[in-house]
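Values in this text are rule-based calculations from the coordinates and carry no lab data. On a predicted model such as this, the values are computed, not experimentally measured, just so you know. As a convention, Cβ positions derive from the backbone with ideal geometry for all residues, glycine included, and neighbour counts pool all protein chains shown.
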Amino acid sequence: MSPSYPEAYFPILLQVGLAVLVAGGVLVTSHLLGRRVRNKTKDSPYECGITPVGDARGRFSVKFYLVAVLFILFDVEVVFLFPWAVVFRELGLFGFFSMLLYMALILAGFFFVWKKGVLDWAKRGR
Amino acid sequence: MNFQFTQTDFFVLRPAILLCLFGCGILITDFFIEARQKFFNALTALIGRGFTGYALWQQQSYLKANGLPELVGLSGAITIDGFGIFFNWIFLIATALAIIISTRYLEIEQEHHGEYYALLLFAQTGMVFLATATELVTLFIGLELMALSFYVMVGFLRGDKRSNEAAVKYLLLGAFSSGMLVYGFSIFYGIANSTKLADIAQAISSRDPKDPMVFLALATTAVGLLFKIAAAPFHMWAPDAYEGAPTTITAYLSVASKAASFAFLLRIFQSPLASVRPTWEPLLGAVALLTMTLGNLAAISQTNIKRLLAYSSISHAGYILLGLVSGNQTGLKGIAVYILVYTFMNFGAFTMVVAMRNQKIIGDDIDDMAGLMVKRPAYAVLMLIFLLSLAGIPPTAGFLGKYYIFLSLIQTQHYYLAVFAVLYVAVAAYYYFRIVKVMFASEAVERGEISDSAGIRVALAVSAVFTLLIGVYPEPFLEMAQRSLFASLR
Amino acid sequence: MLDTALFYIFAALTLGGGVLTITRRSAVHSAIWLITSLLGVAGLYLLQRAEFLAGVQVILYVGGIMVLFLFVIMLVNLDQAAKEKRFSGQKWIALACVAAVALQALWFVSKGAGRFTLGQPSIAGENLGNSEHVSRVLFSQYLLPFELASILLLVAIIGAVVMAKKRI
C-alpha cells in the first residue's frame, strides 16, 4: 500500500516548489519590470476598493472570538469523522452507532449554542 | 474488528452514562425553565444523583455477592474495585452537597444558570473515570473532563474580576500540568507499548530500577499529579483559584477535585510505579514535608478566610501524601479515612463561608464572623466543630485521620516526618483558633449576617453529623476504608 | 539519507519558527512564524510515517488554532501591547531554567543512547496505511475515550458560551 518513503511525497514537494517559484517569480518580475508610481491611493490597502476607515488595530467584539472557538471545537469533531470514514465498511453497524452517539452529543452542543443565540448577531425585534 | 460491547461493559459504565444523560438533560431542559425557577435544575441534578447512587450501589453489591475483588470492563480500560467504589461515593456525596448549597448562593450572585449544574455533573463524570479507569487515555480524558468543567465553574461569576482572574490562572497552570502529565504518559507508553496500567506495571518491574527512562516517566508524571493535588512547590494556583471562585465551587473544588486527584495519584503510584518505590519514596516524603511547611506557615498570616482554608487544604494534602510515603496497610487505610473525613469537615467549613454571603457583603473576611456566637450560636458551634476537626483534635473525625497517618509513619520508621507532622498540628491549631477567637470573643459586627437556605442547613447538618460520627463511632467507616484498599494489601 | 536531510530541514523550520515567534514585536508576525513552526512539526510527523497525525496537525493547528490566535490578536489592544516592556525581570529565571534543561540534556547524552530502550511496537497488518491503523484502534480499543472526547467537547462548548457571552 504505502510506497517507500519519502518518494511517495515527491508530488507534494513538487507542488510546494512550484508554488514558491510562481509566487516568488511574480514578485521578482513585477519588481524588475513594473513602473513605480507612489501616491496615497497606491499605498492604500485596496486601491480600487473601499476607502479605509480608522486604524486596523481597533478591537473587535468578543462575538468573533466565540465564533472562532466554536469553529475549532467543531473542527476537532470533524477530524474524528475522517478515521471513521476510512474503516466504515469494516466497522459495520457497530461503528455506525458509536458514531451516532458521538454525533448526538455534539449535536446537543450545537443545539445549545443555537438556542443560546450565539449565532444570532442582529438584535431581535428591531 | 473483533470488538464487542458486552453487558458487563454497560454495567461498569452505568454511573457515568447516567451522569452524562442527566448533564445533557439539564442543558436542554434549562431552556424551558423560567429565570425564577432555576432551582428545578438543582432538583433534576439531585434526582440524577439518586440514579447514579443506585447504579453504584448495584455495582458494589454485585462485587460483594459474587465475592469478586474487581470487575474489569471494556477489555481492561475500566476496573470496578473497592477503591473506585469508595471514591465514587465520596464524589457522589460531595456533588450532592455542592448542589444543595448552590441555589441560594447563585441567586445572590445573580448567576443562576442551568449550565452550572450540568457542569457539576460533567465534572463528576470525569472524576468517576479518574477513580475507576485503568488505562492511560481514559484516565487522561477523565482528568481533562473534570478540569475543564472546573475552569469554567471557577470563572462562573462573570462580572467579578477576581473570579475571572482565578479562572485564567487555574486554566494556565492546569493546562501546563496536564502537559507534563501527558508527557509522562507518553513515556509510559513508550516503555510498555500499551496504555493499560497492568501492562505498564509489568514492563516497569521487568526493567532495571535505575533505568533513566523509568525515572523520566516517574518525574514528569509526578510533577503533573502533584500539581493537581496542589502539593508544594506546585501549589501556587490553589489560593488564587480558591479565593476567586464562587464559594460553593471552592467548597466542591477543595473536596471533590482533591479526592479525585488523589485517587488518580494513588492508582498511578501503587500500580505502575509500585516497583520503583525506593526511587519515589524519599521524593514524595520531601514534597509532603514541604507542602505541610508552606501550607501551614502561609495560612498563619491570611485575613481572608477562603485563602486561609486554601492554605490549610494544601497542608492537608501534605498529610495525605505521608500516608503514601509510609505505604503500609495502616497508611493507605489512613489515606482513605483522611480523605473521607476531609470531605465532610472541609466542605462544612466552606459551607459556613457560603452562608456568610448575603446581599451586602462577600463575607469571606475572617472579621465578618466576629461575634457569631452572640448572634447565631448554632452556626458558631458548627463552625467550631469543623475547625476542631480540621485541626485534628479528638473526639472529632479529623483526629482519626491524622492518628492513622502518624501511626503508619512510626510503623515504617519515618520518625523525622512524624515529628514534623505532629509539630505542624500545633501550628495549624493556632490559625484555626484565630477564627474561633473572632467568633467567640469579638464584638459582634453588624455586617456579618447569616443568610442561609434549607440546602445550606442540610449540608451543614450532614457535614457536622459525619464529622462527629466518624470521630466517635469509627468502626463502620474503618471497615469501608479497609475495603477500599487494593487487593494486594488487604 | 534523504530522511536525515528532511529531518534537519523540518527541525530547523520548527525551531527557527519557534524562536521567531517569541522574538517578533508584532503579534501578527509572531502568529505567522508560529504557522511555520507548526508546519515543520507536521513534516516531522510525516517523516515518522504518521500521516494521520500530520493531517490533523495541519487541519487543527495550522487551520483552526491559528484562526483562534488571530481572533485573539484582534481582541487585544495592540497599540498598548507594543508599548509594554518585553522580557522584563524574567531574564535570570529564564536563563536558570535553560541551564537546568541543558544540564539535564547533558546528563541524558552522557548516559548514551543504549540506556534509553523502548518497548517494541507490535506491527499488525503491515500493509495498512497509518490512517487505517489509527481508525482500527480508535474504534475498538479506544472507543470509550473516543466517546468521552465528545463529552469533553460538549463541556468546552458550554465553557466558551458561558465565558464569552454577555447574557446567558
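A compact table of results
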item	result
Farthest positive-ward along segment A:7-115 dipole, Cα basis, beta-carbon charges - from A:27, A:91, A:110	A:27
Approximate spin-label separation residue A:60-residue B:301, in nm, with each point projected 7 Å along Cα-to-Cβ	4.5 nm
Packing-based ranking, highest mean first, of B:115-128, B:377-390 given that Cβ atoms within 10 Å are counted	B:115-128, B:377-390
Neighbour-count order for B:38, A:115, A:40, fewest beta carbons within 10 angstrom listed first	A:40, A:115, B:38
Signed unit charges on C-beta, dipole axis of chain B, positive-most listed residue B:131, B:482, B:59	B:482
Segment B:276-490 - Rg over Rh from alpha carbon coordinates, Kirkwood radius	1.01
Size descriptor, Kirkwood hydrodynamic radius, that averages inverse alpha-carbon separations across the protein assembly as shown, Å	28.6 Å
Per-residue Cβ neighbour rank within 10 angstrom, fewest leading, C:115, B:376, B:49, B:207	C:115, B:207, B:376, B:49
Sites residue C:7 and residue C:113, calculated FRET efficiency, Cβ-Cβ separation with R0 25 Å, nearest 0.05	0.95
HN-Hα J in Hz across segment B:377-392 - Karplus 6.51, -1.76, 1.60, θ = phi - 60°, x for Gly and Pro	x, 4, 5, 4, 5, 4, 4, 4, 4, 4, 5, 4, 5, 4, 6, x
Calculated diffusion of segment B:402-468, Stokes-Einstein form, Kirkwood radius summed over Cα pairs, 10 °C and 1.306 mPa s, µm²/s	103 µm²/s
Gain upon complete extension [residue A:33, residue A:111; 0.36 nm per residue less C-alpha separation]	22.5 nm
Those aspartates and glutamates that a straight Cα-Cα span of less than 19 Å connects to residue B:375, excepting residues fewer than 8 apart in one chain	B:364, B:365, B:367, B:443, B:446, B:449, B:452
Order of B:107, B:449 under a 10 Å beta carbon neighbour criterion, fewest first	B:107, B:449
Where labels lie 7 Å past Cα in the beta-carbon direction, separation of residue B:172 and residue B:478 in nm	4.8 nm
Alpha carbon convex hull of segment A:7-115, projected area averaged over orientations, nm²	13.7 nm²
Members of A:116/B:161; C:91/C:165; B:169/B:360; B:196/B:333 lying beyond 29 Å, as alpha-carbon distances in this model show	C:91/C:165
Cross-link pairs A:115/C:166; A:63/A:115; B:228/C:111 - those with Cα-Cα distance over 22 Å	B:228/C:111
